[in-house]
Amino acid sequence: MFRDYLLLAVQSIRHRKVRSWLTMLGIVIGIAAVVSLISLGEGLRQAITGQFATLGTDRLIVQPAGAGFGPPGSTAVKKLTEKDAREISRVNGVDRVAARLLRVAPVEFRDEQQFFFLASLPEDEHGRKLVIDTLQIAIAAGRMLKPGEKNKVVVGDSFASRQLFARNIRTGDILSILGRDVEVAGVMEKQGNIVGNEAILMNEDAMKSLLSIGDEIDMVAVQVVPGALPERVADAVARALRRSRNVEEGKEDFTVQTPLEAISTVNSILTVVQAVVVGIAAISLVVGGIGIMNTMYTAVLERKREIGIMKAVGARNRHILLLFVVESGLLGAVGGGTGILLGAGFGKAVTLVGSSLLGTDLLRAEISLGLVVGSVLFSFVVGTLSGLLPARQAALLNPVEAMRE
Amino acid sequence: MQDAIIKLEDVWKVYHMGRVEVQALRGLSLVIRKGEFVAIMGPSGSGKSTSVNMVGCLDVPSRGRILLDGKDISHLSESALAQIRGKKIGFIFQQFNLIGTLTALENVMLPMAFQDTSLSERKQRAMELLALVGLGDRMHHKPSELSGGQQQRVAIARALANEPEVILADEPTGNLDSQTGKMVMDFLRKLHKEQGTTIIMVTHDAYVARHADRIEHLRDGRIVKTDHQR
């Protein structure tokens, strides 16, 4: 029986094509806005948290203050030094530490020069393992650097797959960094971490001599003793650094961050942004719902006679009610479906522009099944609710009076 | 004497139009027996339409009783009346009253949908009925693509959809030219003769009324004269 209502509704909607599309437009725009904004927000969230997630939860990151989410290094006022790293390694609850350098440097390949991140690999075995674990580095081609190797590097996946230079880099290729020729020993597997795919790994000593870096370091990765609470160890690390760097509490020139903290900060910011944006889009959905209600009231007036006829041939009140509710629900659902296609298309277009023109993975649409199903359901519900009152009016019509129209 | 299928006992219907009270029916009493072909005749304003509404269970009386198969339906809810109408009464209107967005076939299927008949059954029966009224080749046409006579035949097929006990025809030839009107009347006559369907026809046309077995003359909301023709 429901099929019949659907069929009748489809016929009536098709009979009034222009008006039906205009009616649905409100829902289409609202859902398109919701879908594109949520999917882009979700993509951004995944891209950002993906970077933190690779850190693991039992690790801390110590950075000079002011580094924030951006690349650490030369912008910081007071750098961290190897002395700080040693202080940290002595803190109770700290298992291993790895001092890391992360700098931007000009890289030349076949007379083409571009700027990329150079990241250091510690020379000692513990630190090396910590960094490799933390960044989840795996080799896709060639091999990993051996400790002490001076003129070898390992490059991120994008060098080998996304033509950062005129042609893709292969193992054995020679790059020139700040005028020094280095050989590509290996290529890393693709990472969720955006920076990682476009970074070049070098041994710490080689990087220091190449960039003339003294004892300063850009970041310290800390592995917490198994079973210790990362938050508590973070506090102890902060205390030790305050003492050694001679700063008061609250005026630290460094930050100690646990990955969970970082993720939750990003998440809460993104959630607020998404809520605001979706709230604005929801206004359009309400307006769309009112549009449907208006159309359905008009339809009831127009089809009074039809309603009377249906009642004469045996339609009961609930039949008429269902008929109109299904029609308005269908208006909502079709509007929602169209909106999803439009929103998804817009999201994908932004993704394409982001990756091909702007070269960023931060702008990408993540369209989940939940979002699609939720949007269709929601627009169906908006349509149905908007149609309820007009449908009730139709259902309660007296057949004799209705047919007199 | 055969069983009464519809019985109106001293039925009054009073409409309020603003402050004016209109007494459309003033003590109408009428008995329709199974298998009869009855014409209700009267000039305009005599209460013809109101009596159709009463006999067709489209409205309830202000006073008096209406018995359908011996059951008092005078106080039933609109939904309950709709169910009775759908099952027992087939309507044929002067204006044809087909649904414009539906094809002939779908129009005939519609009353069966409200009785929860299965789709395949509905379709088959609707096709048979359209073939019966000679429109087997016009099934997928919309009403706007059919002539008046064809539309009225679709309406007849629709009226027969749920195998009703009573066909209620309200000026069935009123909007048709005399030749098409005669065709429609011949069909109703045949239906009555061959299938024994009870037919109640309201008309102001004495010529059309002659097809009936019995003519009830309505004036000022009550029966004033009865003519038995055969």
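Antiparallel as a % of all DSSP beta bridges within the protein assembly as shown, to the nearest 5?
On the way: 59 of 86 bridges.
For the protein assembly as shown, the DSSP antiparallel bridge percentage is about 70.
Between amide H atoms placed 1.01 Å from N, distances below 5 Å from A:Val94 occur with A:Val225, all of them 5 or more places distant or on a separate chain.
Amide H contacts of A:Met144: none lie under 5 Å away among residues 5 or more positions distant or on a separate chain (H built 1.01 Å from N in the peptide plane; Pro and chain starts excluded). Shape verdict for region B:80-176, please, from the Cα gyration tensor: rounded (a/c under 1.5), prolate (a/b greater than b/c) or oblate. Taking the square roots of the gyration eigenvalues as a ≥ b ≥ c, region B:80-176 is oblate.
Under 8 Å for C-alpha pairs, at least 6 residues apart: give me the relative contact order for region B:26-159, rounded to a whole percent.
Working: 125 pairs, mean separation 29.6, N = 134.
Relative contact order for region B:26-159 comes out at 22 percent.
Among B:Asp170, B:Asp205, B:Asp116, the largest mean-square fluctuation in a Gaussian network model of chain B (Cα springs under 10 Å) belongs to B:Asp116. The alpha-carbon of B:Lys87 sits under 19 angstrom from the alpha-carbons of these lysines, leaving out residues fewer than 8 places away in its chain: A:Lys311, B:Lys7, B:Lys34, B:Lys71, B:Lys123.
Taking beta carbons within 10 Å but only from partner chains, what does the mean come to for residues A:387-398? All intermediate terms of the calculation are to be shown ahead of the outcome.
Values: counts 0, 0, 0, 0, 0, 0, 0, 0, 2, 1, 1, 4.
Across the residues of A:387-398, the mean count of other-chain Cβ atoms within 10 Å is 1.
Under the convention that each Lys and Arg Cβ holds +1 and each Asp and Glu Cβ holds -1, the size of the dipole of region B:76-169 around its Cα centre is about 80 debye.
When you look at the Cβ of every residue in B:99-105, what mean number of other chain Cβ atoms sits within 10 Å?
Working: counts 9, 4, 10, 6, 1, 0, 0.
If you average over the peptide's residues, the count of other-chain Cβ atoms is 4.
Return the FRET efficiency for the residue pair A:Ser268, B:Leu119: r is the Cβ-Cβ distance, R0 is 60 Å, and the value is rounded to the nearest 0.05. Please list the in-between numbers first.
Details: r = 54 Å, r/R0 = 0.89.
With R0 = 60 Å, the Cβ-Cβ based efficiency is 0.65.
Rounded to the nearest 500, the 222 nm mean residue ellipticity of the protein assembly as shown from helices alone is -15500 deg cm²/dmol, with -39,500 (n - 2.57) taken per DSSP H run of at least 4 residues. With the simple spin-label model, which puts each label point 7 Å out from Cα in the Cβ direction, the A:Thr57 to A:Arg143 separation comes to 3.7 nm.
Averaged across B:128-139, how many Cβ atoms of other chains sit within 10 Å of each residue's Cβ atom?
Working: counts 0, 0, 0, 0, 0, 0, 0, 0, 0, 0, 0, 0.
Mean partner-chain Cβ count within 10 Å for B:128-139: 0.
Once the Cα atoms are used to define both axes, helix A:317-352 deviates from the longest principal axis of chain A by about 30 degrees. Peptides A:379-392, A:14-27 ranked from most to least packed by the mean count of surrounding Cβ atoms within 10 Å: A:379-392, A:14-27. Dipole magnitude for the protein assembly as shown: computed about the Cα centre from +1 point charges on Lys and Arg Cβ and -1 point charges on Asp and Glu Cβ, it is near 2120 debye.
Based on Cα contacts under 8 Å between residues 6+ apart, chain A shows a relative contact order of 29 percent.
Close amide H partners of B:Phe37, meaning residues 5 or more places away or on another chain with modelled amide H under 5 Å apart, are B:Ile199, B:Asp213, B:Arg214.
Taking chain A as a Gaussian network of alpha-carbon nodes connected by springs under 10 Å, the highest mean-square fluctuation of the residues A:Phe165, A:Phe117, A:Phe346 belongs to A:Phe165. At what distance in angstrom do the alpha carbon centres of region A:22-39 and region B:88-143 lie from each other? One Cα centre to the other: 39 Å. Helix B:119-132 axis versus longest C-alpha principal axis of chain B: approximately 80°, rounded to the nearest ten.
Could you tell me which of rounded, prolate or oblate describes region A:134-191, using a ≥ b ≥ c as the square roots of the eigenvalues of the alpha-carbon gyration tensor, with rounded for a/c under 1.5 and, failing that, prolate when a/b is larger than b/c and oblate otherwise? Here region A:134-191 falls in the oblate category. With respect to chain A, whose longest principal axis is taken over its alpha-carbon atoms, helix A:2-15 is tilted by about 90°. Peptides B:207-213, A:366-372 ordered by packing proxy, namely the average of other Cβ atoms within 10 Å per residue, highest first: B:207-213, A:366-372. Can you bin region B:174-222 into rounded, prolate or oblate? Criterion: square roots of the alpha carbon gyration tensor eigenvalues sorted a ≥ b ≥ c, rounded for a/c under 1.5, prolate for a/b above b/c, oblate for the rest. Verdict is oblate for region B:174-222.
Note on A:Asp215 and A:Glu123: their simple-model spin labels are 1.4 nm apart, each label 7 Å out from Cα toward Cβ.
Distance between the pseudo-spin-label points of A:Glu189 and A:Leu7 (7 Å out from Cα toward the beta carbon): 5.5 nm.
Quick note: the coordinates plus some simple rules give every number you see, no bench work behind them. As the structure is a computational prediction, the values presented were derived from the model and not from experiment. Backbone-built Cβ (ideal geometry, glycine too); neighbour counts: all protein chains shown.
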